[in-house]
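Take a look at the structure below.
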Amino acid sequence: MKGYLLFSCFGEERLDKRRREGILRVVREEFERACGIRDLEIETGNCRAPGYDLVFALEEYPRLPNVLQKIGSFRKNTALRLFDVIPTEWGYRGNLHTCRLEDIRRLPADETKEEPSSEEKPEEERGLSSDFTEYREIAKQFEAQEPRFTFERLVLSDEVRSQLDASIAILENREKLFEQWGLKAIMSPSVLLNLYGSSGTGKTMAAEAIAHRLGKKIIRASYADIESKFHGEGPKRLKGIFLAARQQDAVLFIDEADSMLSARLGNVTQGSEQAINSMRSQLLISLENHDGIVIFATNLIENYDKAFLTRLVCVEMKRPDQEAREKIWYNHLYPVGEVKLHIPLEPDVDLVRLAAFDFCGRDIRNAVKQACINAVLAGRDTVCQQDLLNACMQTEKGLQDLEAASRRGGVRIREATAEEKNRILSQAAELTAGK
Ligand SMILES: Nc1ncnc2c1ncn2[C@@H]1O[C@H](COP(=O)(O)OP(=O)(O)OP(=O)(O)O)[C@@H](O)[C@H]1O
Ligand SMILES: [Mg+2]
């Protein structure tokens, strides 16, 4: 069966190979899904159809009543998925027209794109515009922000630094590599990073520092922002977030990404599982079609879906060793780069001694804050080594209490995720209340 696909609003010449293939793949998949016809032969061409973004003409269309009935769902699903493939700035509005091949010749050769009146539009297309309005509304909720951290304060091992540098080099030279040297013919120009490691090791900080280095704003979204209580809303929110990143040319940072990146579930029995699966599938589609930079952060990398793993550059953010801890202490006590710290420190501060505590970056930050509070509470105007050591001991004690509370669960608390720590803390509180 022969189909004929015409790009009316933006002109074929503007479609690069990847986009053209993306569009054709979507059309084929949706046509097969809706009409059960696999061997659809597609030709592409240029035509002008007022009011429509895409015209899809079928040779056999009038002779296949069953196809005719299903064409509505094909049109709607295809048009929706194409929002991910076609850049928003091209003005694509989801108006996909289907007609007979012979009718193409009768379409007016008019380049001006008039919007058909809503009565003229098929019902699905009217619904579609409202879907797109919904994405735009969702996108508005995700405003890109200036990054809060730079690389100056971030302490990384040489290995992690060179992994991040390599990704940044690709991003900084994208135009040269993918456009001038044509690498986009063999690989996608998008860069998808996945930062994984235990809590407080600098994943969020690194994502912000990357955005800063690239001179871009950042959109932060966590799994909780995307997941929705309302059935079927997750994929829509996901699309809205990717749309926001495209519109604002921002780095997209998706935190707590483990649930999203895990393997899709087989033998789905419940609506909630179905919802997770459709969100994961949508994530794959959105990633496939996104040209920008996406950074995921997660505490867990087990059970990742291979489909994601092959697309992501995974970088492990390890817990700091003694040398790294000394630098983190330094960066949290003294001014570094643009960070304006003026902690009035006594000269007895000994970073080597402080770094002996097996702390992650966040523990160190918390200990510094605690030491400053302790000094102020004691009515002093300076912070000395003893204040810092006391704060370390308080932090250590907090970690040990957590360790004790978690012994039954067998969790290694220093490597636990923030959620695990919270869960253990509330269990411990319940136990104490029950005493
Ligand atoms: N490698 C590091 N270098 C310098 N500071 C760090 C580093 N890691 C953590 N910190 C300090 O700890 C704070 C918290 O780190 P961050 O939020 O980046 O951790 P995270 O890995 O994203 O944790 P979570 O998994 O809980 O989200 C930072 O704002 C910074 O003050
Ligand atoms: Mg984080």
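Readers should treat all values here as calculations from the given coordinates under stated rules, not as data from a laboratory. Not measured: the values here are computed from a predicted model. Positions of Cβ are backbone-derived with ideal geometry, glycine not excepted, and every protein chain shown enters the neighbour counts.
If a paramagnetic tag sat 7 Å from the Cα of Glu21 along the Cα-Cβ line, which residues of the stretch 160-178 would have the backbone N under 12 Å from that point? Answer for the stretch 160-178: none.
With a Förster radius of 51 Å applied to the C-beta separation of Asn277 and Ile343, the computed FRET efficiency comes to 0.55. Evaluating kT/(6 pi eta Rh) at 20 °C and 1.002 mPa s, with the Kirkwood radius of the stretch 144-198 over Cα pairs in the Stokes-Einstein relation, gives 161 µm² s⁻¹.
Across every direction, the projection of the convex hull enclosing the Cα atoms of the stretch 160-238 has a mean area of 7.3 nm².
Rg then Dmax, both in Å and based on the Cα atoms of the stretch 322-364: 10.4, 28.
Annotation for Glu179 and Asp225: the two label points, set 7 Å from Cα along the Cα-Cβ direction, are 2.8 nm apart.
Hey, could you get me the Stokes-Einstein D for the stretch 179-220, Kirkwood radius over alpha-carbon pairs, 37 °C and 0.692 mPa s, rounded to whole µm² s⁻¹?
It diffuses with D of about 261 µm²/s by this estimate.
Of the Cα atoms belonging to the stretch 272-320, the radius of gyration and Dmax stand at 12.5, 39 Å.
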